[in-house]
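Visitor: Below is the structure I would like to discuss, written out as structure tokens.
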């Protein structure tokens, strides 16, 4: 077989193993190509559009990542982890039980704002009434920011799931959240063939043992088609931390959208919004316009960003 080039969509990532499906398949193309990256030359993410060079009947190497609309990723001082590319919205799955991390919620909201990606919060397991009040209290600052919050019960209330379908149709959505929040239940409710597709992906790459670290792309069923565009869900692995070390101080400030009316109005130009007199942000807190928990998160992220810069510089000077 002679080598040929083609365009493809990255649909599964298992560590350094990837699957891509041809965008305009010919009769001789397989359903999926096993694709490899040339060393660290290409840091790819599920949802990426790729230019491939075939190396065998069902294998190819990545020649080029086509321009992205966006890239959602998390980072610490020394490495970053891509979550998904070219997404229209983030579906952050939280649950009343086990209790969700307000810190992770805040960080996901910042990542979404920085990348200009719409965020929807899905509060799952609302049938557990005792925990619902506390969950709503933790979500109050985000309701104040006009972030859509949908209360659902993936296991026990099919209507709550169907009510979300119009918001998913025609869009590429990425499911994000801690382990145990019910992401898999949601996925299987919306895409009944998801388990079968996952097995197919795993068999193809012989990676059945590593599916928990996988990120996968699923087309929505017929209800997910809008104006001829097939919506999709990207399922990402559950994680407990969401580092944002790649954001500068200025990027952080502008990603807290409620800070916007107050930026540039502090008495000191290098104000950290933590304790300084004449701080416009802290005035906003005292006036009830800004949540104190969000300001605490800003200061925590600012501290992490500065530490990451120091660590990176120290590492480079060794």
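Visitor: If I ask for residues that are in contact with a strand residue (DSSP E or B) (Cβ under 9 Å, 6 or more places away or on another chain), outside any helix (DSSP H, G or I) and either more than 28 Å from residue 257 (Cβ to Cβ) or not assigned by TED's automatic domain parsing to the domain that holds residue 104 (or both), which ones from the range 126-167 would you list?
Guide: 127, 128, 153, 154, 155
Visitor: Look at residue 52 and say whether it is closer than 28 Å to residue 248 by Cβ and either at pLDDT 90 or above or surrounded by fewer than 19 Cβ atoms within 10 Å (Cβ to Cβ) (or both).
Guide: No; evaluated as a whole, the condition is false for this residue.
Visitor: Take the residues in the range 14-30 that are touching a residue at least 60 places away in the same chain (Cβ under 8 Å) and closer than 11 Å to residue 201 by Cα, then tell me which one is surrounded by the most Cβ atoms within 10 Å (Cβ to Cβ).
Guide: 19
Visitor: Determine which member of the set 123, 128, 138 is under 21 Å from residue 184 (Cα atoms) and either in contact (Cβ under 8 Å) with a residue 60 or more places away in the chain or surrounded by 16 or more Cβ atoms within 10 Å (Cβ to Cβ) (or both).
Guide: Of the residues listed, the single one that is under 21 Å from residue 184 (Cα atoms) and either in contact (Cβ under 8 Å) with a residue 60 or more places away in the chain or surrounded by 16 or more Cβ atoms within 10 Å (Cβ to Cβ) (or both) is 123.
Visitor: Is there a residue in the range 290-298 that is without any contact (Cβ under 8 Å) to a residue 12 or more places away in the chain, assigned to a loop (DSSP other than H, G, I, E, B) and surrounded by fewer than 19 Cβ atoms within 10 Å (Cβ to Cβ)?
Guide: Checking the range 290-298: not a single residue is without any contact (Cβ under 8 Å) to a residue 12 or more places away in the chain, assigned to a loop (DSSP other than H, G, I, E, B) and surrounded by fewer than 19 Cβ atoms within 10 Å (Cβ to Cβ).
Visitor: Have a look at 236, 260, 255 and point out the one that is out of contact with any strand residue (DSSP E or B) (no Cβ under 6 Å at 6 or more places or on another chain), within 18 Å of residue 73 (Cβ to Cβ) and either surrounded by fewer than 14 Cβ atoms within 10 Å (Cβ to Cβ) or in contact (Cβ under 8 Å) with a residue 60 or more places away in the chain (or both).
Guide: Just a single option satisfies the conditions, and that option is 255.
Visitor: Does at least one position in the range 103-122 carry a residue that is part of a strand (DSSP E or B), within 17 Å of residue 47 (Cα to Cα) and within 11 Å of the chain's Cα centre (by Cα)?
Guide: Yes, the conditions are met somewhere in the range 103-122.
Visitor: Run residue 101 past the list (1) in contact (Cβ under 8 Å) with a residue 24 or more places away in the chain; (2) more than 30 Å from residue 310 (Cβ to Cβ) and report the number of the one that doesn't hold.
Guide: Condition not satisfied by residue 101: (2).
The values are calculated or read from the model by the stated rules, or taken from the named source; none is laboratory data. This one's a predicted model, so the numbers in the text were calculated from it and none came from an experiment. Here the Cβ is made from the backbone with ideal geometry for all residues, glycine too, and neighbour counts use every protein chain on show.
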